[in-house]
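Chemist: Let me begin by handing over the structure; questions about it come next.
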Amino acid sequence: MPFKKDFLWGGATAANQCEGAYLEAGKGLSVSDILTLGSHKEPRKIALDMDDTYCYPAKKAIDFYHHYKEDIALFAEMGFNVYRFSIAWTRIFPNGDDEIPNEEGLKFYDRVFEELKKYNIEPLVTISHNEMPLNILKKYHGWPNKKVINLYVKYCEVLFNRYKNDVTYWLPFNEINNLMLPLSNIIHGGIYLEGTQDFNNQKDDPNLRFNALNNVLIASAKAVKLGKEINPNFKFGSMICHITLYPRTCHPDDIFLVHQNDLVRNCMCSDVMLKGEYPFYAWNFFEKNHIHINLNDEEKRILKEGTCDFYSFSYYQSICESCQSFDEKTSGNIMGGVRNPYLKLTEWDWPIDPVGLRYTLNKVYDRYRVPVFISENGLGAVDHLENGKVHDPYRIAYLRDHIQEMEKAVEDGVDLFGYTPWGCIDLVSVSTGEMKKRYGFIYVDVDDFGNGSYKRYQKDSFYWYKKVIASNGENLD
Ligand code: BG6
């Protein structure tokens, strides 16, 4: 049996994509609440003042806030022993700089933890998943401002004290390395530059963006250090958006291009989080790009002291890159690339590459030698509900192929301890704001505009994943 006896099988969600109840029980607005509905062809807009002419999918999402009991019961029915979800920063500190936390917000998560405990489901908590209070963006201009470090650490302190007996596994930030790209200015950095309208095409100041990332890394290390003081049994993980890179040709220039881009985009943040300092190539990259990182000796010491215990990452696809120009391009959750002629694409043009997952698992385990957790993976597709049923063989095929490669990676010797496929229940897409791009084992009857009964239905993949979990990954039929 390749997987460990206590392997963690479950699924992942994020508050802003599933909870809804966007102003309920004292919650404040977050940077995701102000994103409008878009599509694969029409980019989402950033509407700082929430103009009524647009539709804002996060307002109601799938209304997990009012359905959490039913949803967790369905997770339990599938056999989950782990559930990854995020706590909405704005439920706890509605403005981000409030004196005292919002008790009503904390009470909601008390109830979620209680429900999980009932079914022996281990929580894996993302502390910040695109849910920065909008007030921090407006008043402090986001993560480039060092004051935000302590606002975040204060929020963490509240969570660590309140949930010290409920949680073992924490992820300080979702896909921390996304700030490598301008697309993440708003939802990861809280950075809004005048003139920005489209989510996909944001104004950018790389110096500001990389300083924001630097402050996020310092905040993460501070949180790890503080968490371990509050409960030495806490385990902290990185959460890297791993876009696996391949050279499009075997020309040595392509090989070196990919080597360098892989280091900067995929490895730099996890090197800091797991090794406690910026690697040599980071300083070289900053210098070449005229980026001046504001990092003092005290902060360097914090990075050293607050390293993580495990490596976690999201994996959806690989992309190709080349020094030569190629016409055929593909999309992805954070970036696209040159098309790989050997891979099929999803309906949203994301390449499907299960072997890339085995390759990535081997790569990251070799680099860090700490336990590895796959915190996101999955297929976004259009599903059809007919007579209460959803037949989704495409999703089963995608997941089966990826789990098979996970098995091979474990046989290769990788210490893999858990898997939480993304959007275990249908939720709002980040890149487009659509509902029709579905990842779930559970279908939620709601359309892109929030119309529907919000009723939950088990898809065919629900029953398939249940068998996978019950057999600890043996039965993939
Ligand atoms: C990851 C994010 O980048 O990709 C998730 O952590 C997101 O929040 C997921 O939902 C899938 O992307 P999308 O655009 O299909 O929602």
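The values are calculated or read from the model by the stated rules, or taken from the named source; none is laboratory data. All values reported here derive from a predicted model rather than from experimental measurement. Cβ sites come from the backbone with ideal geometry, for glycine too, and all protein chains shown count toward neighbours. The protein model used for the area step is the full one, side chains on, heavy atoms only, and it has no ligands, DNA or RNA in it. Shrake-Rupley method; radii C 1.70, N 1.55, O 1.52, S 1.80 Å.
Chemist: Only sites in a loop by DSSP and with at most 12 other Cβ atoms within 10 Å count here; which chymotrypsin sites (Phe, Trp or Tyr not before Pro) in the range 298-352 make the cut?
Modeler: The qualifying sites are TYR342.
Chemist: Within the chain, which is the longest segment that contains none of the GluC sites (Glu not before Pro) sitting in a DSSP loop with at most 14 other Cβ atoms within 10 Å?
Modeler: 348-473
Chemist: Additional query: With a 10 Å radius around each residue's Cβ, average the other Cβ atoms per peptide and rank 36-47, 418-429, highest first. Don't skip to the end; give the middle numbers.
Modeler: Numbers: 36-47: 17.0, 418-429: 25.8.
Sorting 36-47, 418-429 by mean packing, highest first, produces 418-429, 36-47.
Chemist: Considering only protein heavy atoms, what per residue accessible area in square angstrom results for the chain with a 1.4 angstrom probe?
Modeler: 39
Chemist: Something else now. Please enumerate, by chain and number, the aspartates and glutamates with C-alpha under 19 Å from the C-alpha of LYS69, excluding those fewer than 8 residues away in the same chain.
Modeler: Correct list for LYS69: GLU19, GLU24, GLU77, GLU104, ASP110, GLU114, GLU115, GLU122, ASP166, ASP426, ASP445.
Chemist: Sum up the charges of everything whose Cβ sits under 14 Å from the Cβ of ARG162, counting Lys and Arg as +1 and Asp and Glu as -1, but leave ARG162 out.
Modeler: The answer is -1.
Chemist: What percent antiparallel are the DSSP beta bridges of the range 8-470, to the nearest 5? Walk me through the numbers on the way to the answer.
Modeler: Numbers: 12 of 43 bridges.
If I count the DSSP bridges inside the range 8-470, around 30 percent turn out antiparallel.
Chemist: Another question, then. So, counting K/R as plus one and D/E as minus one, what does the shell of residues with Cβ under 11 Å around SER461 add up to?
Modeler: Net charge around SER461: +3.
Chemist: Rounded to a whole number, what is D in µm²/s for the chain from Stokes-Einstein with the Kirkwood radius over alpha-carbon pairs (25 °C, 0.890 mPa s)?
Modeler: 110
Chemist: Pick out, in residue order, every one of the trypsin sites (Lys or Arg not before Pro) in the range 329-418 that is DSSP loop and has at most 12 other C-beta atoms within 10 Å; say none if there are none.
Modeler: LYS344, ARG369
Chemist: Taking the Cα centroid of the range 1-42 and of the range 110-153, what is the distance between the two, rounded to the nearest whole Å?
Modeler: 12
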